[in-house]
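The values are calculated or read from the model by the stated rules, or taken from the named source; none is laboratory data. Please read these numbers as outputs of a predicted model, since none were measured by experiment. Cβ placement follows ideal geometry from the backbone for every residue including glycine, while neighbour counts extend to all protein chains displayed. Surface accessibility is based on the protein's heavy atoms, side chains included, excluding ligands, DNA and RNA. Shrake-Rupley method; radii C 1.70, N 1.55, O 1.52, S 1.80 Å.
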Amino acid sequence: MSDAESPRFYITTAIDYPNSRPHIGTAFEKIGADVQARFRRMEGYSVHFQMGNDENTIKVSQAAAKQEMEAKPYVDEMARQFREVWSALELSYDDFIQTSEERHHVGCRRFIQAVYDAGDIYKKPYTGQYCDGCEAFKTEKELVDGRCPNHPATPLRLVEEENYFFKLSSYADRLLAHYEASPDFIQPESRRNEIVSLVKSGLQDVAITRKGFTWGIPVPFDPEQTIYVWFDALLNYATAVGYGTDPERFAKWWPADVHVIGKDITRFHCALWPAMLLSAGLPLPKQVFAHGFVYNKGAKVSKSAGTAVDPMDVYKQHGADAFRYYFMKECPFGGDGNFSEERFAEVYNADLADNLGNLYSRVLTMCAKYFGGRLEGSSAIDPTDWRAGLDLAVLVDELRRLIGTFEYNLALQKIWQEVLAAANRYVEVTSPFKLAKTDLEATKGVLVNLAEALRVVAILIKPFLPGTSREYYGAFNFEGARPWDRLRYADVLERPEGLELEVTAALTQGKPRPLFPKIDTRSAPAR
Ligand SMILES: [Zn+2]
């Protein structure tokens, strides 16, 4: 299929405030989106995976001032740091928008003008409780004990200004009709129920401009005002793919297939954003998926509370795949998860070092030891014995369903409990180390089976652990039949024919590279 014929899939993550570096909570979201992007590519979609930073905020200009920097060089440097982390974690994003970019400014001005022309924007004086953490006015209903539930430590300020307002209140009925007609629009179900009841209880018009700020996007019909945080930030999803600057590109990618966001910002994505799009006469995104939070030993990850973990600390010690595996396996994407060094070491040792890594190193070691890395005559051997009791076609269908609905932890459990378990059982039953002493031909048959098991594993884990997948798949000469970067999920079921297997390229001085060296938990510092 050529790119033009492929169904397209446009996926976005929330854009981040660059007033501090990414933490494991932000990384959790991006990895979850990356798994989906990688999976969809394997399913034959032409994917556009969009990420970015949310730069037009007061918080950001304050952070720049603190470092005695101008805002623009500051946000550029932060964008560089964010992208460095995202690349280290193997996020396969296609575009990274900075909202200080011209393409975003142009698109935003065009959009707000369209909404203004549609009669949905008016000016009025406003007094309200303002949360500096959210950079948003809070209604009485949203407060818990008189404080913002997301920033209970930040006192609210009474702010009075004359601003432009968006007539959100007039969209409640149309939004409810949309939720009804498109039950998948808000996922998971619990989040959907929250939003439906929020909108049913009535929506208020929202301030969409602020007066007296120089950093930000000026309002085209009133240059004294700048477009305010959410109205500007949400628009990145449209401006990044050409709204207001590249109509052809915009027509190709819009509407988005899914916005992956945190559960604390569903209100903006499921009510304000679709209302804005309706007003401007644009189609609505197909889905908003709200993931849960990651806690650090049970505490909310936050810079100020000292519970933020820099993803680079974990990455530098254990690599991208171990990091990705932990969060996708331990933390249900639609729910909440927990991080601790102890649990990380447990999961890593059991699932990666002892299981996935061990299987690989045993197979390669035996190939090297008994056959010099070349399994001659292997193309004549039927490699299906290892799958006793395992119906791969059924499993692949089930995995496709689970990954497509963001149930990553269940997908990984299945791969480990069914495929890796079958391969390990096969090693136990055949005991190739013992067999090699009496029957080399039979040992070769066992190794061909295990090579096939590793090929299947390499394909199944590709969206989750891309580095390991590449290494496992490339260790045998499977690439000769089908290149790794063109693998489809369904290739699990189609073993390349007529390959003489060899692993020599994956050996260093006759040994496989240790991929997941065990974490020594005894020498870990007491916590
Ligand atoms: Zn807040």
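Data table
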item: Which listed residue, of ARG495, ARG455, is touching a Pro at 6+ places or on another chain (Cβ under 9 Å), outside any helix (DSSP H, G or I), in contact (Cβ under 8 Å) with a residue 24 or more places away in the chain and surrounded by 13 or more Cβ atoms within 10 Å (Cβ to Cβ); result: ARG495
item: Number of positions in the stretch 102-136 that are open to solvent by 30 Å² or more (accessible area, probe 1.4 Å) and within 16 Å of the ligand (Cβ to nearest atom); result: 2
item: Qualifying positions in the stretch 365-389 - assigned to a loop (DSSP other than H, G, I, E, B), hydrophobic (A, V, I, L, M, F, W, C) and buried (at least 19 other Cβ atoms within 10 Å of the Cβ); result: LEU375, ILE381
item: Residue that is out of contact with any Cys (no Cβ under 8 Å at 6 or more places or on another chain), touching a residue at least 40 places away in the same chain (Cβ under 8 Å) and surrounded by fewer than 23 Cβ atoms within 10 Å (Cβ to Cβ), where the choices are TYR10, TYR45, TYR17; result: TYR17
item: Meets criteria (surrounded by fewer than 20 Cβ atoms within 10 Å (Cβ to Cβ), basic (Lys, Arg), touching a Pro at 6+ places or on another chain (Cβ under 9 Å) and assigned to a helix (DSSP H, G or I)) for ARG362; result: yes
item: Tally, over the stretch 152-172, of residues that are under 29 Å from LYS123 (Cα atoms), not charged (D, E, K, R) and not in a helix (DSSP H, G or I); result: 9
item: Enumeration of residues in the stretch 112-137 that are out of contact with any Ser or Thr (no Cβ under 9 Å at 6 or more places or on another chain) and farther than 30 Å from GLY281 by Cβ; result: THR127, TYR130
item: Among residues of the stretch 468-492, those that are open to solvent by 20 Å² or more (accessible area, probe 1.4 Å) and in contact (Cβ under 8 Å) with a residue 40 or more places away in the chain, counted; result: 3
item: Residues satisfying the stated conditions in the stretch 247-260, i.e. surrounded by fewer than 16 Cβ atoms within 10 Å (Cβ to Cβ) and of a type in the set (D, E, K, R); result: GLU248, ARG249, LYS252
item: Qualifying residue in the stretch 203-223 (condition: open to solvent by less than 40 Å² (accessible area, probe 1.4 Å) and under 24 Å from the mean Cα position of the chain (by Cα)); result: no
item: Any hit, the stretch 55-72, residues being surrounded by fewer than 22 Cβ atoms within 10 Å (Cβ to Cβ), among the β-branched types (Val, Ile, Thr) and either at positive phi or not in a loop (DSSP other than H, G, I, E, B) (or both); result: yes
item: Scan of the stretch 227-264 for residues that are modelled with pLDDT under 95 and within 22 Å of LYS167 (Cα to Cα), ordered by number; result: TYR228, VAL229, TRP230
item: Breaking point among (1) within 16 Å of the ligand (Cβ to nearest atom); (2) in contact with a helix residue (DSSP H, G or I) (Cβ under 9 Å, 6 or more places away or on another chain); (3) in contact (Cβ under 8 Å) with a residue 40 or more places away in the chain, for GLN98; result: (1)
item: Options PHE137, PHE111; residue that is part of a helix (DSSP H, G or I) and under 25 Å from ALA71 (Cα atoms); result: PHE111
item: Flag if MET78 is aliphatic (A, V, I, L, M), touching an Asp or Glu at 6+ places or on another chain (Cβ under 9 Å) and outside any helix (DSSP H, G or I); result: no
item: Hits in the stretch 20-30 (condition: basic (Lys, Arg) and open to solvent by 20 Å² or more (accessible area, probe 1.4 Å)); result: ARG21
item: Answer from PRO274, PRO311 - the residue that is modelled with pLDDT under 95 and either in contact with a helix residue (DSSP H, G or I) (Cβ under 9 Å, 6 or more places away or on another chain) or surrounded by 15 or more Cβ atoms within 10 Å (Cβ to Cβ) (or both); result: PRO311
item: Residues located in the stretch 82-108, provided they are among the charged types (D, E, K, R) and assigned to a helix (DSSP H, G or I); result: ARG83, GLU84, GLU102, ARG103
item: Filter result (open to solvent by 10 Å² or more (accessible area, probe 1.4 Å) and within 13 Å of HIS269 (Cβ to Cβ)) within the stretch 179-194; result: GLN187, ARG191, ARG192, GLU194
item: Criterion (within 16 Å of the ligand (Cβ to nearest atom), at pLDDT 90 or above and surrounded by 14 or more Cβ atoms within 10 Å (Cβ to Cβ)) met by exactly one of LEU175, LEU156; result: LEU156
item: Residues located in the stretch 137-148, provided they are within 10 Å of the ligand (Cβ to nearest atom) and modelled with pLDDT under 90; result: LYS138, GLU142
item: Residue match in the stretch 2-22 (condition: of a type in the set (D, E, K, R) and within 14 Å of the chain's Cα centre (by Cα)); result: yes
item: Test: residue in the stretch 387-396 that is within 27 Å of the chain's Cα centre (by Cα) and under 30 Å from GLU29 (Cβ atoms); result: yes
